[in-house]
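The values are calculated or read from the model by the stated rules, or taken from the named source; none is laboratory data. As the structure is a prediction and not an experimental result, all values here were calculated from the model. Cβ coordinates were reconstructed from backbone atoms using ideal geometry, including for glycine residues, and neighbour counts include every protein chain displayed. Note: accessible area is taken over every heavy atom of the protein model, side chains too, but ligands, DNA and RNA are not part of it. Shrake-Rupley method; radii C 1.70, N 1.55, O 1.52, S 1.80 Å.
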Amino acid sequence: MSVATRSLLGAVPVGDGRTRFRVWAPEAERLAIRGQALERGEDGVWEAEFELAPGADYLVELDGREWPDPCSRFQPEGIRGPSRVVDTGAFRWSDEGWQGVSLDELVVYELHVGTFSDEGTFDGVIPYLDGLRELGVTAIELMPVATFPGNRGWGYDGVYTSAPHPAYGGPEGLARLVDAAHAAGLGVILDVVYNHVGPGSEAIAAFGPYFTHRHETFWGDAIDYSQRGVREWAIQNACLWIRDYHVDGLRLDAVHAIYDDSPRHVLAELAERVREVNPHALVISEMEMDDYRPIEEWGHDAQWADRFHHEVHVLLTGEQEGYYEQFGSLRGLAEEYRRRPVEKLVVCAQNHDQVGNRAAGDRLPREALRVAAACVLFAPQTPLLFMGEEYGEERPFQFFTDHIDPEIAEATRQGRKREFERFSAFGGEDVPDPQDPATFVRSKLDRSQADEELRAFYRELLALRRELPREVEVEVDDQARTLTARRGDAVLHADFANLKVELRR
């Protein structure tokens, strides 16, 4: 691959108040920024270097029409505003001695920046970091922070993938959070989305063939990774977070919807390039069940293992509608305990999907929390906690959006209602309006009623798992509805009939 192709896309300050711009636009006839023409180079990349200092705003003139930069580092006015030149080399860091977090010791805590604190910002997360480390967490996982339409959302509809959302505090806010996490002894994993682009994607497509009709995704047009420029758009984004923001790992969203017919899959190349930046960086994928390409073919460190969640959830709640229909057996859960390789499989009892994609965003019932926690944290696989579960958060985590296009907003409302019409427990009128700001506010954590005994139980479980070998023996009693697991000299006895759990050594 040419040096030019590997050079960074977007706006990169080069010193003395000057910035180098590189934009992939293979079908364009003319590109200009602030009246300065860009020259077409190889591989459809246009470039120029001229006087423009960090902090300056700009748009890219593409054949007479102006658009934000597809590789913008900051969109201070949202997806329809100008891009801003950001000098990520000017971030102040105090983490010189930080060594990262290893997969072997990984305990992930997933959080949504907007609802984790009253402030709803990167800075709002910082006061809670020491408490998470004391609990036994080793890394926080941020739901996507790339700029999406509006100010409220889960983040999976990002448009400008390299621009930390202004509502959360922008680039400097993210850098402060990562630095503070490292000071607290916590790694940072960032959720990234390369399977689709959210509403407003026409601003990306204007620059070139980013999308293809050869494949389809549930969320929108499939991304065309046969195009070299598109591969660089995604891979350089992954490297940006690791290099410029000191992020310790990436969680790749729904990789089963990332299609690539190239001889080498884009996600294999991505993992290799990320490790060129930081050999210790983790690459973790969300993949549909029973497809192990991420860890078996693409060189990823781990992937989510949803079967474990589904078995535990049905055993605890008795729900068997929809995709839960085939789950809920003790023997099925026992098989998940035995599934290998243990450190490469991420398991949980709650996460943003399994809570937030319920009609009302309700969490596990309080009486089930101790059994759920014990099942996950005693398992030899890599555990993931969802924000608030450690103290029994009772507020829901609902599906909320802030689409700025009225048609998209209404389509989202109606689609959410239709999604739950087939579930007997819900009528369409019961589904919260995702566009209503109250839906977002209801989803903010409320720590005022925290169950400190439950938190202490989590702390005890996390301390115990650090002492145990990976090997596990599991027995089940279908009649009594119990599961007994042994790791070293520790024994877990989970009673699903009475929702009780016992740990002994």
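What the table below lists for this structure:
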{"item": "Residue-normalised accessible area of the range 127-224, expressed per residue, 1.4 Å probe, Å²", "result": "29"}
{"item": "Loop-resident sites, the range 1-71, for GluC sites (Glu not before Pro), counting at most 16 other Cβ within 10 Å (DSSP)", "result": "27, 29"}
{"item": "Centroid-to-centroid separation of the range 214-240 and the range 34-65 [C-alpha atoms, Å]", "result": "22"}
{"item": "Cβ-placed point charges (K, R +1; D, E -1), dipole of the chain about Cα centre in debye, nearest 20", "result": "600"}
{"item": "Net length gained if the chain between residue 30 and residue 119 were fully extended (0.36 nm per residue, minus Cα distance)", "result": "27.7 nm"}
{"item": "For the chain, average projected area of the Cα convex hull in nm²", "result": "23.1"}
{"item": "Cleavage-rule hits, trypsin sites (Lys or Arg not before Pro), the range 91-194, DSSP coil, Cβ neighbours within 10 Å at most 15", "result": "92"}
{"item": "Charge dipole magnitude, Cβ of K and R +1, D and E -1 - the range 88-208, Cα centre, debye nearest 20", "result": "280"}
{"item": "Positive dipole terminus of the chain, leading residue within 318, 78, 420 (C-beta point charges)", "result": "318"}
{"item": "Candidate lysines - alpha carbon under 28 Å from residue 417, same-chain residues fewer than 8 apart omitted", "result": "444"}
{"item": "Relative contact order (%) - criterion: Cα under 8 Å, at least six apart; region: the range 85-175", "result": "27"}
{"item": "Exposure of residue 408 as accessible area (Å², to 10), given a probe of 1.4 Å and all protein chains", "result": "60"}
{"item": "Label-point separation in nm, residue 43 to residue 340, each point 7 Å along Cα→Cβ", "result": "4.0"}
{"item": "Net length gained if the chain between residue 414 and residue 447 were fully extended (0.36 nm per residue, minus Cα distance)", "result": "8.6 nm"}
{"item": "Carbon plus sulfur fraction of accessible area for the chain, probe 1.4 Å, in percent", "result": "45"}
{"item": "Gain in span if fully extended, residue 495 to residue 214, counting 0.36 nm per residue against the direct Cα distance", "result": "96.2 nm"}
{"item": "Residue 471 versus residue 205: modelled label distance in nm, points set 7 Å from Cα along the beta carbon direction", "result": "5.7"}
{"item": "Per-selection metrics, the range 365-505 (Cα): Rg and Dmax in Å", "result": "19.8, 59"}
{"item": "Cα-projected label distance for residue 261 with residue 93, points at 7 Å along beta-carbon direction, nm", "result": "4.1"}
{"item": "Options 23, 373, 443, ranked by Cα towards positive dipole end of the chain, top entry (Cβ charges)", "result": "373"}
{"item": "Relative contact order [Cα under 8 Å, 6+ residues apart], the chain, whole percent", "result": "12"}
{"item": "The range 292-388: relative contact order in percent, alpha carbon pairs under 8 Å with at least 6 residues between", "result": "30"}
{"item": "Solvent-accessible area of residue 272 with every protein chain in place, 1.4 Å probe, in Å² to the nearest 10", "result": "80"}
{"item": "The chain: calculated mean residue ellipticity at 222 nm from DSSP helix runs of at least 4, using -39500 (n - 2.57)", "result": "-7500 deg cm²/dmol"}
